[in-house]
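Here the structure is laid out as structure tokens; the discussion comes afterwards.
The values are calculated or read from the model by the stated rules, or taken from the named source; none is laboratory data. On a predicted model such as this, the values are computed, not experimentally measured, just so you know. Cβ placement follows ideal geometry from the backbone for every residue including glycine, while neighbour counts extend to all protein chains displayed. Just so you know, the surface numbers come from the protein's heavy atoms only, side chains and all, with ligands and any DNA or RNA stripped out. Shrake-Rupley method; radii C 1.70, N 1.55, O 1.52, S 1.80 Å.
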Amino acid sequence: MLAVVGAAALVLVAGAPWVLPSAAGGENLKPPENIDVYIIDDNYTLKWSSHGESMGSVTFSAEYRTKDEAKWLKVPECQHTTTTKCEFSLLDTNVYIKTQFRVRAEEGNSTSSWNEVDPFIPFYTAHMSPPEVRLEAEDKAILVHISPPGQDGNMWALEKPSFSYTIRIWQKSSSDKKTINSTYYVEKIPELLPETTYCLEVKAIHPSLKKHSNYSTVQCISTTVANKMPVPGNLQVDAQGKSYVLKWDYIASADVLFRAQWLPGYSKSSSGSRSDKWKPIPTCANVQTTHCVFSQDTVYTGTFFLHVQASEGNHTSFWSEEKFIDSQKHILPPPPVITVTAMSDTLLVYVNCQDSTCDGLNYEIIFWENTSNTKISMEKDGPEFTLKNLQPLTVYCVQARVLFRALLNKTSNFSEKLCEKTRPGSFSTIWIITGLGVVFFSVMVLYALRSVWKYLCHVCFPPLKPPRSIDEFFSEPPSKNLVLLTAEEHTERCFIIENTDTVAVEVKHAPEEDLRKYSSQTSQDSGNYSNEEEESVGTESGQAVLSKAPCGGPCSVPSPPGTLEDGTCFLGNEKYLQSPALRTEPALLC
């Protein structure tokens with residue numbers, strides 16, 4: 001009977017569109033109130049309250065629209081419903097834009113006015129459902145398989161990598177709970193007791209949205225009987241050059257073999273089974289040692305997981321705990337390359353990181369004088385350093401390294417030592433220029449003084465030149481003008497200087513006779529001789545006598561024309577004659 005009434009009501013409602021507009025706003029039918037929209041994942045629940053009219057004859061309908069569409073669209077699950085609630089999903093709508101709902105009451109051909117709710121963005125108002133959990137037991141471990149909220153929905157499709165999970169586990173016979181935080185869809189809980197029942201529950205958390213789900217339904221599972229083959233434990237990984245060294249602990253016999261596998265990091269962050277995603281490591285298959293070495297080229301992802309399994313004959317252990325590896329933490333970065341630019345009292349140092357990713361790193365340099373062992377260290381979050389207040393013209397050496405503070409304080413090796421000499425400072429430059437100026441000025445002054453001195457000597461003490469006749473005499477070969485003397489001989493030389501060419505007369509006094517030679521063009525002689533005092537001049541023995549005694553006449557007689565101005569008569573070597581001037585008339589020199 002109710003089905004017939006419902007069908008009849010549906011037929012009446014179907015004819016509602018032809019109702020006149022005046023009937024649509026009947027005064028006796030009031031719109032629904034207290035409309036509320038509750039969203040969990042992609043599931044909407046629309047609720048409202050009525051004014052107490054007979055629910056048997058009043059129905060309700062709901063519509064929605066988004067910011068991108070001005071037209072109201074019907075909610076299929078909320079048309080002509082007799083309840084004050086309806087549930088539906090809008091998988092085709094954009095959950096990141098504003099959406100608005102409205103509801104009205106209907107009775108026969110009459111409808112109430114629409115009651116609209118304020119627009120809202122579904123993504124920010126939606127709640128998360130508890131994650132789905134599946135358990136798998138081993139002898140000493142439990143594998144927890146987690147499915148994120150809204151697994152196949154639209155609401156959290158882009159947020160799955162952002163979820164984290166909190167697992168609470170406890171023995172069924174105890175209330176002591178242990179909390180484990182995980183970001184993966186499969187989490188292995190080790191170090192459990194064999195043949196023991198454990199219970200657990202999981203909730204999802206979205207840190208950036210500050211949202212979390214309720215805990216999932218509690219599930220319990222019992223661990224299996226202890227396996228004959230223990231599980232390898234305490235996996236450790238070290239980097240040596242271009243290779244990884246994987247080590248583990250195991251009390252092994254000679255017949256125990258080991259094998260290792262690796263899993264890309266992104267595979268564990270995706271839901272679903274991943275047993276077929278583990279990849280073998282060729283150099284770590286069937287090894288008898290508790291370590292193996294494999295090339296870094298074997299693993300082509302930056303993050304990955306490793307696990308190890310032991311086997312002996314037909315017996316095989318469970319896989320070990322999964323070891324997460326971040327290659328940036330285990331590979332030693334190469335040392336940087338530095339460039340140094342020298343200035344007067346400053347060195348500009350630039351550290352060039354050789355790694356492919358150098359963002360967010362710290363840099364450290366050490367520097368010291370080349371003649372000293374005292375090193376100074378500086379650290380910055382940038383690659384440029386300025387070393388100030390250094391000594392000019394001094395050699396400084398610099399080394400640098402890269403610090404990975406975010407990666408367990410890992411550092412590179414120091415770079416090669418680079419030494420650079422600072423340039424002259426401004427003070428040194430001034431002194432150098434001043435010194436050069438002083439030296440140049442001193443040289444110029446000395447040169448000027450020397451020139452003045454030579455000029456004064458030339459003016460005040462002019463050089464004495466003998467007459468041309470004497471120069472001509474001395475220019476002739478000695479064999480023509482001189483007679484070699486013996487120790488017993490005494491020689492006098494007399495010269496008569498005239499305006500014409502000079503005629504030399506040489507007189508020799510030998511013990512037996514006097515020998516005189518005359519050569520003259522004009523034989524005038526006044527017979528007057530000077531009687532001045534004697535002066536000494538150089539001779540062959542170091543001394544020559546310059547005498548004012550007459551060359552055959554009294555000294556009181558005035559000097560005749562042709563003699564020296566002072567009437568001096570010379571005896572000895574005329575070569576050392578130092579007389580201020582000679583007359584142009586003939587003079588007699590003895």
Tally, over the stretch 173-205, of residues that are hydroxyl-bearing (Ser, Thr, Tyr) and assigned to a loop (DSSP other than H, G, I, E, B):
7
Just need a number here: residues in the stretch 177-219 that are in contact with a strand residue (DSSP E or B) (Cβ under 6 Å, 6 or more places away or on another chain) and either in the same structural domain as Leu263 (by the TED database) or acidic (Asp, Glu) (or both).
2
Being modelled with pLDDT under 90 and closer than 14 Å to His307 by Cβ narrows it down to one residue among Ser243, Ser253, Ser267; which is it?
Ser267
Starting from the stretch 249-271, take each residue that is outside the structural domain of Phe163 (by the TED database) and list its partners that are among the acidic types (Asp, Glu), counting only C-beta distances under 9 angstrom and pairs at least six apart or across chains.
Ala252/Glu312; Ser253/Glu312; Asp255/Glu312; Val256/Glu312; Leu257/Glu312; Leu263/Glu322; Gly265/Asp326; Lys268/Glu322
For the stretch 297-323, give me each residue that is surrounded by fewer than 16 Cβ atoms within 10 Å (Cβ to Cβ), in contact with a strand residue (DSSP E or B) (Cβ under 6 Å, 6 or more places away or on another chain) and under 15 Å from Pro264 (Cα atoms).
Thr301
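Residues checked against (1) under 30 Å from Val293 (Cα atoms); (2) open to solvent by less than 20 Å² (accessible area, probe 1.4 Å); (3) in contact with a Phe, Trp or Tyr (Cβ under 7 Å, 6 or more places away or on another chain):
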position: Ser162; (1), (2), (3): no, no, no
position: Ile189; (1), (2), (3): yes, yes, no
position: Leu200; (1), (2), (3): no, yes, no
position: Ser213; (1), (2), (3): no, yes, no
position: Val231; (1), (2), (3): yes, no, yes
Please identify the pairs in which a residue from the stretch 59-73 that is open to solvent by 90 Å² or more (accessible area, probe 1.4 Å) and modelled with pLDDT under 95 has its Cβ atom under 8 Å from the Cβ atom of a residue that is of a type in the set (S, T, N, Q) and not in a strand (DSSP E or B), counting only partners at least 6 apart or on another chain.
Asp68/Asn94
Does any residue in the stretch 26-47 that is farther than 19 Å from Thr82 by Cα come within less than 7 Å, Cβ to Cβ, of a residue that is in a strand (DSSP E or B) and open to solvent by less than 20 Å² (accessible area, probe 1.4 Å) six or more places away or on a different chain, and which pairs are these?
none
Within the stretch 297-311, which residues are modelled with pLDDT under 90 and assigned to a strand (DSSP E or B)?
Thr303
Residue among Ala239, Ala252 that alone is assigned to a strand (DSSP E or B), in contact with a strand residue (DSSP E or B) (Cβ under 9 Å, 6 or more places away or on another chain), surrounded by 12 or more Cβ atoms within 10 Å (Cβ to Cβ) and not β-branched (Val, Ile, Thr):
Ala239
